[in-house]
Amino acid sequence: MNSRWIDLQTANGETFSAYLSLPPAGHGPGIVLVQEIWGVNEHIRSMADQYAQDGYVVLAPDLFWRLSPRVDLAYDDAGSQQAYDYLQRVDMDLGASDVAAAVGALRAMPEVDGKVATLGYCLGGQMAFRAAALAQADAAVCYYGGRIHQHLALADRLTMPIMFHYAGLDAHITQDLVAQVKQAFAGKPNAVFHDYPDADHGFNCWGRPKMYNQRAAALAHGRSLQFLAEHLG
């Protein structure tokens, strides 16, 4: 893969890192791909590379850089304990602003010759949701986004195509919270919801064997690719 870490600027002119993965053709539409709480780790980099193989210029910003640069944690007990510590300490508002800055940086790259979407998992799902509103991304994909229900005031600003993936067995994002998100977008033709009744939170992540669901992950990836192809051309 043609991938490397690059430096980006925050809205305040500070510098932070992002993992950039380029498609084999060297150019294409853009995706800002947003991490889980384990950082821009092997799994997130592999997802960036996978979407790059699908023809997208993918940028995965480091959300935890103010706490520790380039966090890269495993999904074992020690890594997860550290990940939840970072989750408790990260400034979510600054994180959303950083992701929005990544959208602007990606749009300005010469390799990007189409539109730009946000796409994220868990914490990254929330960040993809919020940054899409802040940066007016061209599309957004949110995999089991944590605490999106706390930011539904943004729904009216999210007029771009947006896709949500939710797991029926998710104990973190329960069905009553999913219902709140669906209600906020009721009647809005730009919003698409996909439910996976037999899948758990984190079903896309092969690094979490207790939660990974191959069928749901493949189905969601295919749906996401079709959605992105339709709206980022």
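The values are calculated or read from the model by the stated rules, or taken from the named source; none is laboratory data. In this text the structure is predicted, and so the values were computed from the model without any measurement. Cβ sites come from the backbone with ideal geometry, for glycine too, and all protein chains shown count toward neighbours. Just so you know, the surface numbers come from the protein's heavy atoms only, side chains and all, with ligands and any DNA or RNA stripped out. Shrake-Rupley method; radii C 1.70, N 1.55, O 1.52, S 1.80 Å.
Observations, loosely collected:
- Cα-based Rg of the stretch 2-151 normalised by 2.2 N^0.38 Å, two decimals: 0.94
- DSSP beta bridges in the chain [antiparallel fraction, %, rounded to 5]: 35 percent
- In a simple Cβ point-charge model (Lys, Arg +1; Asp, Glu -1; nothing else charged), the chain has a dipole of about 340 debye relative to its Cα centre.
- Listed by chain and number, the aspartates and glutamates placed with their C-alpha closer than 14 angstrom to that of LYS188 are ASP156; residues fewer than eight positions away on the same chain are left out.
- 16 Å reach of a label modelled at ASP77, 7 Å along Cα-to-Cβ, counting backbone N of the stretch 13-52: none
- Stretchable slack from ARG66 to ALA171, in nm (0.36 nm times residue separation minus alpha-carbon distance): 34.9 nm
- Among LEU169, THR159, GLY125 - extreme Cα towards positive end, dipole of the chain, charges at beta-carbon: THR159
- Among SER97, VAL116, ALA83 the positive-end extreme of the charge dipole of the stretch 67-131 (Cβ point charges): VAL116
- In range of the label at TYR84: residues from the stretch 58-74 whose backbone nitrogen is under 18 Å from the point 7 Å along Cα→Cβ: 73-74
- If both residues of a DSSP beta bridge must be in the stretch 1-137, then about 60% of such bridges are antiparallel.
- Pairs of alpha carbons in the stretch 1-47 whose separation is greater than 15 Å (percent): 53 percent
- Calculated FRET efficiency for the pair ALA11/GLU42, C-beta based, R₀ 25 Å, to 0.05: 0.30
- A simple spin-label model places the labels of HIS27 and LEU225 2.3 nm from each other, with each point 7 Å out along Cα-to-Cβ.
- From helices alone, the chain scores -11500 deg cm²/dmol at 222 nm; the rule is -39500 (n - 2.57) for each run of n ≥ 4 DSSP H residues, then divide by the residue total.
- Averaging over all projection directions, the Cα-based convex hull of the stretch 100-233 occupies 7.9 nm² in the image plane.
- Contact order for the chain, expressed relative to its length and based on alpha carbon pairs under 8 Å spaced 6+ residues apart, stands at 16 percent.
- Extension reserve of the GLN150-MET109 stretch, reckoned as 0.36 nm per residue once the Cα distance is removed: 11.5 nm
- Here the contact order of the stretch 139-209, divided by its residue count and restricted to Cα pairs under 8 Å and six or more residues apart, works out to 38 percent.
- Projected-area mean, the stretch 48-132, by convex hull of Cα positions, square nanometres: 6.0 nm²
- Inter-centroid distance (Cα atoms) of the stretch 38-108 relative to the stretch 173-212, Å: 20 Å
- Taking the accessible area of the chain, probe 1.4 Å, and keeping the other protein chains in place, the carbon and sulfur fraction comes to 50%.
- Of the DSSP H helices in the chain, those whose Cα atoms cover at least 15 Å axially and whose Kyte score averages -0.5 or more: 92-108, 123-135, 214-231
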